[in-house]
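Read the structure below first, then the notes.
The values are calculated or read from the model by the stated rules, or taken from the named source; none is laboratory data. None of these values were measured; they are calculated from a predicted model. Please note: Cβ atoms are built from the backbone with ideal geometry, for glycine as well, and neighbour counts cover all protein chains shown. Side chains are part of the model used for accessible areas, which takes the heavy atoms of the whole protein and leaves out ligands, DNA and RNA. Shrake-Rupley method; radii C 1.70, N 1.55, O 1.52, S 1.80 Å.
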Amino acid sequence: MNIRINFIWISVLVFLFSSCKKVVELDLSNNAERLVIEGNITNQPGPYFIRLTRSVNFNEPNNYPPVLNAQVIVSDNTNQRDTLTYSGNGYYKTNGLKGVEGRTYFLSVLAEGKKYTAESSMPAAVKLDSLVLSYFTANGKDRINVIPLYTDPVMLGNSYRFIQKVNNKPDETYYAFNDNLNNGLTNQRPLRSNDPDLDLVAGDLVQIEMQCISRETFSYFYSLSQQARNGFSGGTAPVNPPNNLSGDALGIFSAHTTQTRTVLIR
């Protein structure tokens, strides 16, 4: 008898708990605005640009207001120092700074009474030898991907970012590789776009930019790539990616090498 009563009570409790649904409402309208810093120093001739904007609330259009009247200084570990000049739309331009492999670059931003800093070391360039095409069939449809061919150095710890343009239109996918699985080997990983509408076809001209980046820059873009791949529908809530900026700023300051190649789809 006691066993039967206990079973009834357990059944009631299970029903009650399974029937309760807590509605959680997220307040996404009052996020504090934050400074967004986007800066690149490369091994190509300057000028280089640092862009300063402000983030916007979740429910507002993605029109990021530029930050004016900031003091922006970039220096390096050889005592180069450059005070940047404002050139419009939030962009600040260098005046004579040179990007050199192996040097460390320091960013100082004084904006609206608050100081922000960052540093980034430019890795040595790894040569992009060529671009090859990978032809395959998926879901009954013929597809094409581009494989950037380069040989990773024997020393572990190299990181790369790729930017793909098709007929001069940017592919919004974040491509970030490191050498944890192919250290010292020739790359065989294709650039697989997250854009379902981006199918390469004969006649397309594809441009690939290869950047050799720091570990901090890799972490930033790899985090963005995972969020873009999973997103809300994939069960992963987006968070601010890790970066190298102080003062609670968003964005990234990157010193990296860059090289570009193109291939015609046939």
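Summary of values
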{"item": "Accessible area of the range 79-166 divided out per residue, in Å², using a probe of 1.4 angstrom", "result": "53 Å²"}
{"item": "Solvent accessible area, Å² - Leu198, 1.4 Å probe, full protein context", "result": "50 Å²"}
{"item": "Three-way shape label, the range 126-266, alpha-carbon gyration tensor, a/c 1.5", "result": "oblate"}
{"item": "Prolate/oblate/rounded call for the range 39-153, Cα gyration tensor, a/c under 1.5 rounded", "result": "oblate"}
{"item": "Inter-probe distance in nm under a simple model that places probes 7 Å from Cα toward Cβ, at Arg266 and Ala124", "result": "3.5 nm"}
{"item": "Gain on full stretching of the segment that runs from Val154 to Ser134 - 0.36 nm per residue minus C-alpha separation", "result": "4.6 nm"}
{"item": "Segment Gln71-Leu205, extension gain: residue separation times 0.36 nm, minus the distance between their alpha carbons", "result": "44.2 nm"}
{"item": "Peptides 157-170, 242-255 ordered by average Cβ neighbours within 10 Å, highest first", "result": "242-255, 157-170"}
{"item": "Summed residue charge, Cβ within 12 Å of Ala255's Cβ, Lys/Arg positive, Asp/Glu negative", "result": "-2"}
{"item": "Theoretical gain in end-to-end length, Asn168 to Glu33 [0.36 nm per residue, Cα-Cα removed]", "result": "45.3 nm"}
{"item": "Hz values of 3J(HN,Hα) by residue in the range 115-122 - Karplus curve (6.51, -1.76, 1.60), Gly and Pro given as x", "result": "9, 10, 9, 7, 9, 8, 9, 7"}
